1. Can you list the equivalent-ellipsoid semi-axes of segment 12-250, largest first and in whole Å, using the square root of 5 times each Cα gyration tensor eigenvalue?
2. How many nm separate the modelled label positions at residue 185 and residue 47, each set 7 Å beyond the Cα in the direction of the Cβ?
3. So, in nm, how far is label residue 122 from label residue 170 when the simple model puts each one 7 Å beyond its Cα toward the Cβ?
4. For segment 12-250, what does the relative contact order come out to in percent, with C-alpha contacts under 8 Å and a separation of six or more?
5. Please arrange 227, 158 by how many other C-beta atoms lie within 10 Å of their C-beta, fewest to most.
6. Taking other Cβ within 10 Å of each residue's Cβ, how do 205, 235, 216, 71 sort, fewest first?
7. Using a Förster distance of 35 Å, how high is the FRET efficiency between residue 192 and residue 10, based on the Cβ-Cβ distance and rounded to 0.05?
8. What full-extension length gain, to one decimal in nm, is calculated for residue 243 and residue 207 as 0.36 nm per residue of separation minus the Cα-Cα distance?
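Every number in this text was worked out from the coordinates using simple rules, so none of it is lab data. Here the structure is a predicted model, which is why all the values come from computation and not from measurement. No Cβ is skipped: glycine too gets one built from the backbone with ideal geometry, and neighbour counts run over all protein chains shown.
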């Protein structure tokens with residue numbers, strides 16, 4: 001497996017951002033930062049965790065493409081997740097995420113591993129991922145290499161993320177992902193190809209009058225066929241203010 005990183009303090013090109021409830025995350029001042037999609041995904045996973053039959057605590061989790069380490073930090077608020085292994089391809093981001101883990105005194109529950117997600121081998125109950133949204137060659141390339149890798153398929157594509165998740169998920173384990181609507185058909189095709197049955201789908205709309213900008217999806221390894229489509233999440237009202245549902249999500 002890849003390298004484990006250790007240790008501490010904030011660098012000149014970084015900033016420390018408050019996550020509330022005593023948690024913080026280190027991020028690049030100029031570089032890829034976590035967004036609303038990661039917060040929505042973490043809350044979605046915590047609310048949907050009950051789709052794992054017979055498991056209420058001591059859940060082992062893997063995060064594919066952890067970036068700043070935001071998802072493990074947010075999931076750590078819930079004691080049901082006793083062990084979170086976060087995989088990150090870019091060494092500088094993996095090292096930065098490890099320092100965030102250390103500063104939050106979460107080293108006993110969160111391990112940052114620097115490697116391609118295709119190298120993941122440790123079996124888990126839950127896989128969560130906010131993968132690169134753009135297909136290889138699609139969209140306008142980012143000028144910064146770190147942002148390009150985070151937003152565009154490079155070493156691993158969408159199929160790799162889902163196939164790798166299926167590889168390490170125990171039977172009955174749960175898969176959670178956020179992505180763009182244009183990747184929904186591919187997502188469902190790959191999930192079924194690798195025996196992760198789609199269970200919950202939730203669209204995310206910028207405003208009630210706008211088309212979806214994201215979707216959240218949950219699936220179960222070797223689960224039965226029964227997809228539930230939830231009411232969409234509306235991010236802003238027509239005046240551009242956060243909706244009450246979004247405010248509550250950020251308070252969790």
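1. Values: eigenvalues 111, 97, 76 Å².
Gyration-tensor ellipsoid for segment 12-250: 24, 22, 20 Å.
2. With each label point 7 Å from Cα toward Cβ, the separation is 2.8 nm.
3. The modelled label-to-label distance comes out at 1.5 nm.
4. Over segment 12-250, the number comes to 16 percent.
5. Ranking 227, 158 by Cβ neighbours within 10 Å, fewest first, gives 227, 158.
6. Working: 205 17, 235 20, 216 23, 71 27.
By the 10 Å Cβ count, ascending, the order reads 205, 235, 216, 71.
7. Between residue 192 and residue 10 the formula returns 0.20.
8. The residue 243-residue 207 span can extend by a further 12.0 nm.
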